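**Q** The structure under discussion is supplied below as C-alpha cells; questions concerning it will follow.
Bear in mind these aren't lab numbers, they're just calculated from the coordinates by the rules spelled out. What you are looking at is a predicted structure, and each value in this text was computed from that prediction instead of being measured. Cβ sites come from the backbone with ideal geometry, for glycine too, and all protein chains shown count toward neighbours.
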C-alpha cells in the first residue's frame with residue numbers, strides 16, 4: 001500500500017510491520033474497530049501472533065500506528081506537491097488536491113480515520129484532534145501567505161482554515177458512506193468553491209496552471225564539454241562566469257552575511273515566500289544611466305546571464321544565479337548620501353545563499369578571464385568552498401546608543417506649505433494627485449543587519465531587502481508594496497494607497513479600518529493607483545484582473561487600502577519592460593505622471609535616490625520580482641537617511657498627511673533604535 005512505503009526517521013518501514021498494518025486496515029474497515037479481533041488480523045496478514053504482538057502490544061496501539069503512518073505519508077506527499085509552488089494560493093490548492101487524491105486512493109483508510117475513529121475514547125479522540133489541528137494549521141499558514149502576498153483579501157484565516165477542513169471532511173465522508181461524489185469528480189468543484197470563499201480572483205480560478213517550470217537558461221555540462229566551452233569563449237575574448245551550486249547547511253541568512261569580510265552584501269526575504277537570498281562579493285555588475293535605465297539593464301543582464309556556465313549538483317529550478325539591485329526614482333544628481341548608487345545597478349554576488357522550501361543551497365560565481373588556469377578549476381572550487389565553510393563572523397559594527405535624535409530635512413511648516421501648493425495645483429486642474437516625500441537624517445553609524453533582524457521580527461508580511469553596491473553604503477528596508485512579479489506565466493502587481501493607523505485594541509482597530517474603507521479621499525486616491533496600474537499592465541497581458549473593492553493590508557503600526565492585480569503574461573514579456581511602464585506608479589509619483597514628476601522636482605528639497613523606485617532581483621528567464629522601495633533607509637557608513645511619502649489629492653489635509661508620514665517612518669526609526 002503506497003501510503004506506507006515512505007521512509008520513517010529510522011529507515012524503511014519493516015515489511016512485516018507494513019503487512020500487519022495493511023491487514024489491520026482491511027479488517028477494521030470491514031468489521032469496525034470494536035468487532036475486529038487480533039486473530040483475524042494475524043490470519044489476514046499471514047503472520048504469527050508473536051510477530052504481531054512484537055510490533056503492536058494491542059489493538060489500540062495498532063490503530064494509532066495506522067493514523068500516524070497515514071499522516072506521515074500524507075505529509076510527505078504534501079511536501080512534494082508544494083515543492084514547485086510559487087505562492088500561498090498554489091500551496092493551499094496543492095494541500096487540497098493531495099488530501100482529496102490520497103483519500104480517493106485509500107477509501108478504507110478514509111473510513112477508519114474519518115468515521116470509525118469518532119467515539120473510540122480519549123486516546124483516539126486526542127490523536128484525531130491532533131491530526132485535524134495539524135492540517136488546519138498548514139492550511140492557515142498558506143492562507144496567511146496568500147494574504148501577505150495580496151493574492152486574497154485579509155480575513156480570519158483560522159476560521160477559513162476550519163471551514164476548508166470541514167468542507168473536505170464532509171465531501172470525503174459522504175463518498176465513504178455512499179460512493180458519491182467520487183473525489184476525482186468532487187475536486188474541481190470543491191477547489192473553485194473554496195478558492196472563491198477566500199477571495200481568489202475569478203481569472204486565477206479559471207486559469208489552467210502550467211504543469212512545468214521553464215528550464216534554466218544556464219548551461220549544465222560534463223567536465224570535457226565544460227572545458228571546451230570555456231576554452232572557446234576565452235579564446236574569443238569573452239570573460240566567463242563559472243557558477244557552481246552545492247547543498248549547504250541550514251544557517252541564518254543575516255548570520256551568513258556576518259561572514260562577508262567587508263565585501264558588499266545583498267539580502268532578500270519575505271515571510272510568505274519559500275525563496276530567500278543572502279549574498280556577498282561581486283562576480284559582475286550591470287550599471288545603467290538614467291536616460292534608458294530599464295532597457296539598458298535588460299540587454300546587459302541578458303548578456304551577463306549568457307556568459308554563465310553552470311556546474312556542480314543540479315539544484316531545483318528555483319535555485320539559480322540571480323542579479324540583485326534597483327533603480328533611482330528619477331534622473332537627478334545624487335547627493336553625498338547616494339554617491340555609491342548609480343541610476344541603475346544590479347550585482348551578481350560572488351557567493352549567494354538561496355533558501356528554498358527550507359533547504360539551503362550555496363552558489364559560487366567565479367569570474368574566469370582570458371589567460372586563467374582552467375585546468376585546475378575543481379581544486380579552486382573545492383578550496384573556495386572549504387574557505388567559506390570556515391569563515392569567521394565579522395564583528396558587528398560598533399554602534400553606540402545615540403543620544404541625539406533624527407534630524408528632519410525640512411520643517412513641518414515647510415511641509416504644510418508644499419502640501420497647500422500641491423492641492424492648489426490639483427484644484428486648478430493641473431494634475432489629480434502627487435506624492436510628496438520627506439526625509440530624516442540619522443547622524444550616527446548603524447548596523448543594517450541588526451535593523452533587518454528587527455524588521456523581520458516586528459514588520460512581518462513585507463519584502464525585506466538590502467542592496468550594498470559598495471561596502472558600507474547600503475540601502476535597506478521592509479516594503480509591503482509589490483511593483484511587479486513574473487514567473488514567465490503570470491504578472492502580479494499591487495496597488496497600495498490610502499493609509500490610517502492601528503488601534504489600541506481590536507474594536508478600535510476595526511473602527512479605524514472601517515473609517516479608511518469609507519473615506520472618499522482615500523478611496524479616490526486608491527482608485528487612481530488601481531486604474532493606472534491596470535492601464536499600464538494591459539499591453540503585457542491577455543486580460544487584467546483586479547478586485548472590485550480594496551481590502552485592508554494591516555501592518556504592525558499602519559493599515560493600507562490594497563488591491564491585488566494580475567494577468568496572464570503574453571508570450572515573450574520581460575519583467576523589466578513591465579517595470580518601465582509601471583514606474584513610478586501613482587502611489588509614489590502621481591497622476592498624470594509627467595506633471596507630478598515636474599512638481600516633485602520643484603517641491604522636494606532632498607534627493608530621493610532609490611526611495612520609491614523598483615528594488616529586487618532578476619533571473620535568467622526575464623522574470624523576477626521588483627518591489628517598491630518604501631519603509632527604507634540608506635547609509636553611507638557614518639549616518640543614515642530615512643524616507644516616507646504621502647499621497648496628496650485635492651482635499652488633502654496637510655496636518656493629517658504629516659501624521660501619516662510619521663507613521664510610515666516609525667518602523668525604520670524603531671529598527672535603528674531611535
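**Q** Cα axis of helix 183-197 to longest principal axis of the chain: angle in degrees, 0 to 90, nearest 10?
**A** The angle comes out near 30 degrees.
**Q** What is the spin-label model distance, in nm, from residue 287 to residue 43 if the labels are put 7 Å beyond Cα along the C-beta direction?
**A** 8.5
**Q** Turning to a different aspect of this structure: When a footprinting reagent is the concern and you count Cβ atoms within 10 Å, what order do 532, 441, 156 take, fewest first?
**A** Final ranking by Cβ density, sparse to dense: 156, 441, 532.
**Q** Also: Helix-derived [θ] at 222 nm for the chain: sum -39500 (n - 2.57) over DSSP H runs of at least 4, divide by residue count, nearest 500?
**A** Counting only the DSSP helices, I get -13500 deg cm²/dmol.
**Q** Let me ask something else. Quote to one decimal, in nm, the extra length available between residue 489 and residue 16 on full extension: 0.36 nm per residue of separation minus the C-alpha distance between them.
**A** Length gained, residue 489 through residue 16: 165.5 nm.
**Q** Still on this structure, I have one more. Please tell me the relative contact order of the chain in percent, rounded to the nearest whole number, where contacts are Cα pairs under 8 Å and at least six residues apart.
**A** 14
**Q** What full-extension length gain, to one decimal in nm, is calculated for residue 60 and residue 129 as 0.36 nm per residue of separation minus the Cα-Cα distance?
**A** Once the chain is fully extended between residue 60 and residue 129, it gains 23.2 nm.
**Q** Which ordering of 345, 534 is given by a fewest-first count of other beta-carbon atoms within 10 Å?
**A** Exposure proxy ranking, most exposed first: 534, 345.
**Q** Quote the FRET efficiency, to the nearest 0.05, computed for residue 549 versus residue 231 with a Förster distance R0 of 41 Å and r equal to the Cβ-Cβ distance.
**A** Plugging the Cβ-Cβ distance into 1/(1 + (r/R0)^6) gives 0.10.
**Q** Could you tell me what percent of the DSSP beta bridges with both partners in the chain are antiparallel, to the nearest 5?
**A** In the chain, approximately 95 percent of DSSP beta bridges are antiparallel ones.
**Q** Let me ask something else about it. How long are the semi-axes of the equivalent ellipsoid of the chain, defined as square roots of 5 times the Cα gyration tensor eigenvalues? Whole Å, largest first.
**A** Sorted largest first and rounded, they come to 49, 33, 23 Å.
**Q** So if each residue of separation counts as 0.36 nm, and I subtract the Cα-Cα distance between residue 414 and residue 189, what length gain in nm does that give?
**A** 75.2 nm
**Q** For the stretch 136-165 and the stretch 447-472, compute the distance between their C-alpha centroids and round to whole Å.
**A** That distance is 26 Å.
**Q** For Cα pairs less than 8 Å apart in space and 6+ apart in sequence, what is the mean separation divided by the residue count of the stretch 219-389, i.e. the relative contact order in percent?
**A** 35
**Q** Now a separate question. I'd like to compare 232-241, 621-630: which one has the highest average count of other Cβ atoms within 10 Å, and what's the full order after that?
**A** Ranking the peptides 232-241, 621-630 by packing returns 621-630, 232-241.
**Q** Among 37-44, 474-481, 283-290, how do they line up by average Cβ neighbours within 10 Å per residue, starting with the highest?
**A** Highest-to-lowest ranking by the protection proxy: 474-481, 283-290, 37-44.
**Q** If you don't mind, there's one more thing I want to ask. Using only the alpha-carbon atoms, what does the stretch 503-574 span along each of its principal axes? Please give whole angstrom values in decreasing order.
**A** So the three principal-axis extents are 49, 23, 16 Å.
**Q** Moving to a separate point now. Tilt of helix 15-31 relative to the longest C-alpha principal axis of the chain, in degrees (0 to 90, nearest 10)?
**A** Long axis of 15-31 versus the principal axis of the chain: about 80 degrees.
**Q** Which order do the peptides 350-358, 594-602 come out in when sorted by mean C-beta neighbours inside 10 angstrom, highest first?
**A** Descending mean neighbour count gives 350-358, 594-602.
**Q** Please arrange 246, 529 by counting, for each residue, the other beta carbons lying within 10 Å of its beta carbon, fewest first.
**A** Listing 246, 529 from fewest to most nearby Cβ atoms yields 246, 529.
**Q** Then there's this: To the nearest 10 degrees, how steeply does helix 593-603 sit against the main Cα axis of the chain, on a 0 to 90 scale?
**A** The helix 593-603 is inclined about 60 degrees to the chain.
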